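Notes follow once the structure below has been shown.
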Amino acid sequence: MRCLIPHLFSYNDFSPSSSRNNMNTFSNFPNRTFFGVDKGQSHSITVPSKCNDFLIQHFGLSESSLQKKIFFIIDNKTYNAEIRLARVLNIRPHRRVRQRAQRNVLKLQWRRFENTQLALREKFIDTRQKVILGFKNDFLIIHYKLIDEDTFQLDFDLV
């Protein structure tokens, strides 16, 4: 997934004084991994790193609890998904051991939930076809807003 430019994050619905509100909304352009047409059939997105600390704490993710069940609201219907914490160790042979950095990566994924896959496939049939044909999606953006303890509202815009 390509990195989003900061101005694509939507903070309009929130008070600027609340740091929690700045971390519970993010956006992305659906790509091959989103639609599950990548090599691993992922059906996932990577959460922007600026939201990681807030979401890890909010969902209580840790070494002993790496994923939690969540829900997406798409067109006023509820669909299953998961949030998953991955611990990535950047190993580069030319670096010393103490310089190797470990970082957290958060994924929203719905590979195990066929109803969610079908809903997103039907909602974005044209975008999915263009992505499959190798075109870059730079026209459809999805906004993810945490609206409840375990529920994200998905809103869509054409850019």
| task | Treat each spin label as a single point 7 Å out from the Cα along the C-beta direction, and report the Lys136 to Val105 distance in nm. | result | 2.1 nm
| field | Residue exposure sequence - Val159, Val105 - by fewest surrounding Cβ within 10 Å | value | Val159, Val105
| query | When Leu120, Leu158, Leu140, Leu106 are ordered from fewest to most other Cβ atoms inside 10 Å of their Cβ, what list results? | reply | Leu158, Leu140, Leu106, Leu120
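Bear in mind that the values in this text are calculations on the coordinates, not laboratory data. As the structure is a prediction and not an experimental result, all values here were calculated from the model. Note that we place each Cβ from the backbone using ideal geometry, even for glycine, and neighbour counts take in every protein chain shown.
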